[in-house]
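Novice: Have a look at this one.
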Amino acid sequence: MRVAVDISLYPLDENFIPPIKDVIGRLNAYDEIDVVTNPMATQLRGDYDVVMNALKTEIGTTFEQVPKAIFAIKILNNPLDD
């Protein structure tokens, strides 16, 4: 099953840009996931298991690196392909 995920990171720190760029860079390293970034969020498209495993790994990494952070995530199953 394919999914589309809309994810936004809100580091609760004055220096918030580097953690956002870092997580986007790590997500872009997954060849099986289509990643599109815009000023408000990052969209991921791919197989459910691949996307969810990537999110589990990268959210965990971010939470280890950033003392206080919020992820806002929306997930759509069976997205229309562009």
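Derivation of every value follows stated rules applied to the coordinates shown; laboratory data play no part. Note that this is a predicted model, so its numbers are computed, not measured. Please note: Cβ atoms are built from the backbone with ideal geometry, for glycine as well, and neighbour counts cover all protein chains shown.
Novice: Search the structure for amide H atoms under 5 Å from the amide H of A69, placed 1.01 Å from N in the peptide plane, and list their residues when 5 or more places away or on another chain.
Specialist: Residues meeting the criterion, in which the H sits 1.01 Å from N, are L12.
Novice: Would any residue of segment 46-82 have its amide N under 11 Å from a label point 7 Å out along Cα→Cβ of M1? List them or say none.
Specialist: Hits in segment 46-82 for M1 at 11 Å: 48-49, 76-79.
Novice: What value, in deg cm²/dmol to 500, does the helix sum -39500 (n - 2.57) over DSSP H runs of n ≥ 4 give at 222 nm once divided by the residues of the chain?
Specialist: Values: 2 runs with 30 residues, N = 82.
It lands at -12000 deg cm²/dmol.
Novice: Further question on the same structure: Helix 17-28 against the longest principal axis of the chain: what's the angle in degrees, Cα atoms only, rounded to the nearest 10?
Specialist: 30 degrees
Novice: Stokes-Einstein diffusion coefficient for the chain at 37 °C in a medium of 0.692 mPa s, Rh from the Kirkwood formula over Cα pairs: what value in µm²/s? If you can, show how the numbers build up before the last one.
Specialist: Working: Rh = 12.9 Å.
Reported coefficient: 254 µm²/s.
Novice: Sequence gap at least 6, Cα distance under 8 Å: using those rules, report the relative contact order of the chain to the nearest whole percent. Could you put the intermediate results ahead of the total?
Specialist: On the way: 116 pairs, mean separation 41.0, N = 82.
Relative contact order for the chain comes out at 50 percent.
Novice: Then there is this: Tell me the angle of helix 48-65 to the major Cα principal axis of the chain, expressed in degrees between 0 and 90 and rounded to the nearest ten.
Specialist: 0 degrees
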